[in-house]
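Structure first, then comments.
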Amino acid sequence: MNKTVKPPRKFSACPHDCPSTCAVEVELSPEGRVKRLFGAKDNTYTAGVICAKVARYAERIHHPDRLLHPMRRTGPKGSGQFARISWEEALDEITQRFKAAEAANGSLAVWPYYYAGTMGLVQRDSINRLRNAKGYSGMYGTFCTNMAWTGYIAGTGSLTGPDPREIALSDFVVIWGTNAVATQVNVMTHAIKARKTRGAKIAVVDVYRTETMKQADIGLVIKPGTDAALACAVMHILFRDGYADRAYMARYADVPEELEDHLKTRGPEWAAAITGLSVEEIETFAHHIGTTQRTFFRLGYGFTRSRNGVVSMHAASCIAVVGGHYQYEGGGAFHNNGGIFKLDTSMVQGEALHDSQIRKLDMSQVGRILTGDAEALMGGPPVTAMLIQNTNPMSVAPEQELVKKGFAREDLFTVVHEQFMTETAEMADIVLPATQFLEHDDIYKAGGQQSILFGPKIIEAPGEARENLYVVNELIARLGGAPLDSHEWSAREHVDWMLQASGYGGLERLERERWIDCQPGFEESHYLNGFGYPDGRFRFKPDWLKVPAPNAGPMGPWQDLPALPDYWETPEHPSAEEPFRLVTAPARSFLNSSFNETESSLKKEGKPVAMLHADDAQQLGIAQGDLIALQNTRGEVHLHAAIGEHVRQGTVVSEGLWPNKCFVNGNGINTLTGADQVAPFGGAAFHDTRVAIRKLSN
Ligand SMILES: Nc1nc2c(c(=O)[nH]1)N[C@H]1C(S)=C(S)[C@@H](COP(=O)(O)OP(=O)(O)OC[C@H]3O[C@@H](n4cnc5c(=O)[nH]c(N)nc54)[C@H](O)[C@@H]3O)O[C@H]1N2
Ligand SMILES: Nc1nc2c(c(=O)[nH]1)N[C@H]1C(S)=C(S)[C@@H](COP(=O)(O)OP(=O)(O)OC[C@H]3O[C@@H](n4cnc5c(=O)[nH]c(N)nc54)[C@H](O)[C@@H]3O)O[C@H]1N2
Ligand code: SF4
Ligand SMILES: [Mo]
């Protein structure tokens, strides 16, 4: 029999905004088309596993709807009417319009806007070099990480922690506020390994019965935003029943006695009333934690997307200190490894040209900003020109009614550099076609694991699609930005410089080795040499405004933050008029708004629905599949009801992000979410929305 020779696989890294940052292998056809993607077996975190949507990447990269040419709007804003133009024409027009915007209202009138559609450090962050070279308005990136990072760093003093691969060496894996099966599948790989090899138990804390919870031994479905109450009760029990590690706390924590005293009134009965759990559920969970040295808390983002999310994250992270779990292999609390890499991105971002006096506009408040809200504009000039890369604010940003109004402004000149005709691109004056990750070079650093990875250009881009770096470099040249050596570097030159400057050798090494494992040793990872604060002590009682997390100054009602871990009732607590709490959790087959253009993902997800508890549905006279309205002061969204026992009474969950046009009234789910800044350093509370529900029709 003839053995078919398989073509060698190419190596890359998944560029998407996902904590896993998988090391991937790419199978190409003899004609050089992408066939299928695989997880690299020899990367010890990826361990041969990637999610289904990225395995099917051929569908996204060879999609017939890829943008292929620059285009200029010919009809009204949002009409979808565009005519093809050349790159030269497009860049000339952008140059002229940005110059005009600057002449009329100063350089702050131009607002480069981006997020993490690609996590590549060159293609994602170069736009900041344009900003810095021209003195354009700054952007405060608040979509995602603010509450989670601030809450975690509040305790530990650094964004590091136990090696995430140690989940496989744990005896009790607590997956808290993350739907790992959908959002970061590799957590499950290691958790299931712990179960198979060590008989580990898995617990999941969420607000509905997710696919992750279905795989757990202990599933705790709590009321949204009540995680800190659960955490307090768990710590109360650890102190009460002799499981608290007092010797450890005496050495490693700030105020253990004060915490113990404070928690005396925060027992399981108190927490049961707040969380909706039974006292028994809380006792059982705490008992497992207390009796298992190797308890690994994998703390996600989901439970921090609330107005009290910082407090929830901090409270959950405190448990591993009270129980002393951080000392043990396979134990402790991990959220993100962002602090271990220390990659120097100053040349990519043009940091030498940065002016710290320039306003930093809150990206989540894009709706308020574009509709002229003076506070959101920080008292400065209006925004009249934008360059948007790697993000789709017409779908993903809160307060959509304002976002739509803003982007419809005739006096706003919008450039969107995109892979697809997203709902944001539809609002543009100029649309530019972008490459996908296998069509350009870039470097990636993981958040949920420990590698730096290289993703080389493997195939040619379709049509005239060009990388983000090209657009940035061309615009700086044409607009006459302040000079910097790196303005003309290629992506490979940037990556090489970054690696050299950060002590990782150069690109040649990374290309040869495919990834660099940056996990510090056991003692450092487990904070055995002390936590990240100067005195080495974990903070049960953080000085909130001094938490060493990325921030743009105090925001939101920070004065009201509790001093010690506590339940902090959120301002948008359900009321008589708006009695439900809406959680807008991620869909398994979409990644934010990415993949909602691929057939297979759309087919798997079906249509947008609101999951309701059967008793709530009955009270409202709503039957399975009925068309319903979710409504609050921000707007109204029409979608179908999915009734079951997987959510609690009072909670409604809608998985997304669906394109706005998939909703019956054309209003996407972010019509309902708010852009008020969460204390103490801002962020958007996507899972914390009060709504009323009414039936529209069968
Ligand atoms: N398939 C898929 N993967 C993704 C994404 C996606 O959209 N789809 N998004 C990517 C991005 S940008 C990010 S940041 C990560 C985020 O990944 P995660 O850390 O998983 O965070 P979320 O996706 O926001 O929400 C996770 C879970 O939090 C739950 N949750 C909401 N409110 C609460 C609460 O108050 N308490 C508790 N205990 N749980 C709560 C939600 O029900 C949801 O199941 O995932 C990435 N991966
Ligand atoms: N209701 C609700 N809203 C949410 C969330 C939620 O849980 N619920 N999650 C929030 C979170 S955590 C996040 S991170 C945001 C993310 O929201 P977005 O920032 O919009 O993220 P994506 O949808 O991943 O990517 C946006 C776009 O980037 C484009 N893109 C990818 N790579 C490149 C590239 O190399 N060049 C260019 N020019 N474009 C590229 C993709 O085609 C895609 O259209 O959404 C937030 N919005
Ligand atoms: S799990 Fe996350 S990092 Fe891995 S392939 Fe899927 S989207 Fe990419
Ligand atoms: Mo995110």
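The values are calculated or read from the model by the stated rules, or taken from the named source; none is laboratory data. The structure presented is a predicted model; accordingly, all values stated were derived computationally and were not measured. Counting neighbours? That spans all protein chains shown, and the Cβs are built from the backbone with ideal geometry, glycine included. Surface accessibility is based on the protein's heavy atoms, side chains included, excluding ligands, DNA and RNA. Shrake-Rupley method; radii C 1.70, N 1.55, O 1.52, S 1.80 Å.
Structure data summary
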quantity	calculated
Simple spin-label estimate for ALA482 and GLU31 in nanometres, 7 Å along Cα-Cβ	5.0
In Hz, Karplus ³J(HN,Hα) per residue of region 93-109 (6.51, -1.76, 1.60; θ = phi - 60°; x = Gly, Pro)	5, 4, 4, 5, 5, 5, 5, 5, 4, 5, 5, 6, 10, x, 5, 5, 6
Projected-area average for region 580-695 over all orientations - Cα convex hull basis, square nanometres	7.3
Projected label distance in nm at GLU280 and ARG240, using a 7 Å step from Cα toward the beta-carbon	1.6
Karplus 3J(HN,Hα) series, Hz, for region 236-245 with 6.51 cos²θ - 1.76 cosθ + 1.60 (x for Gly, Pro)	4, 5, 4, 5, 4, 9, x, 8, 6, 8
Over region 1-132, volume per residue of the alpha carbon convex hull, in Å³	179
Surface share of carbon and sulfur [accessible, 1.4 angstrom probe, percent] for the chain	50
Amide H partners (placed H, <5 Å) of PHE413, local residues excluded	ALA385, MET386
The chain, helix-only ellipticity at 222 nm - DSSP H runs n ≥ 4, -39,500 (n - 2.57), divided by all residues, nearest 500	-8000 deg cm²/dmol
Per residue value of the accessible surface for region 580-695 (all protein chains in place, 1.4 Å probe), Å²	33
Net charge over other residues, Cβ less than 13 angstrom from the Cβ of GLY503 (K, R count +1; D, E count -1)	+1
Acute angle (nearest 10 degrees) that the helix 309-322 long axis makes with the longest principal axis of the chain, alpha-carbon atoms	50
Nonlocal amide H pairs with LEU361, under 5 Å, H built at 1.01 Å	GLY138, MET139, TYR140
Considering only the chain, percent of DSSP beta bridges that pair antiparallel, nearest 5	45
Table column - 3J(HN,Hα) (Hz), region 682-693, Karplus curve with 6.51, -1.76, 1.60, x for Gly and Pro	x, x, 9, 8, 4, 9, 10, 9, 8, 9, 9, 10
Average Cα contact separation per residue, the chain, under 8 Å, 6 or more apart, as relative contact order %	19
Partner lysines for LYS604 [C-alpha distance under 29 Å; skip if fewer than 8 residues away on the same chain]	LYS10, LYS35, LYS41, LYS53, LYS193, LYS214, LYS223, LYS404, LYS661, LYS695
Antiparallel content of DSSP bridges confined to region 580-695, in %, to 5	60
Residue order for THR291, THR118 - accessible surface, 1.4 angstrom probe, largest first	THR291, THR118
Relative contact order computed over region 580-695 (Cα-Cα under 8 Å; 6+ residues apart), in percent	37
Stokes-Einstein D (µm²/s) once Rh is taken as the Kirkwood radius of region 395-541 over alpha-carbon pairs, at 10 °C in 1.306 mPa s	82
Estimated FRET transfer efficiency (GLN327, ILE218; beta-carbon r; R0 22 Å; 0.05)	0.40
Cα-centred dipole magnitude for region 580-695, charges only on beta-carbon of K, R (+1) and D, E (-1), debye, nearest 20	80
Degrees separating the helix 279-291 axis from the principal Cα axis of the chain, which is the longest one	90
Radius of gyration and Dmax over the Cα atoms of region 302-410, both given in Å	19.8, 60
The chain - convex hull of the alpha-carbon atoms, volume per residue in Å³	158
Degrees between helix 186-198 axis and first principal axis of the chain (Cα, 0 to 90, nearest 10)	30
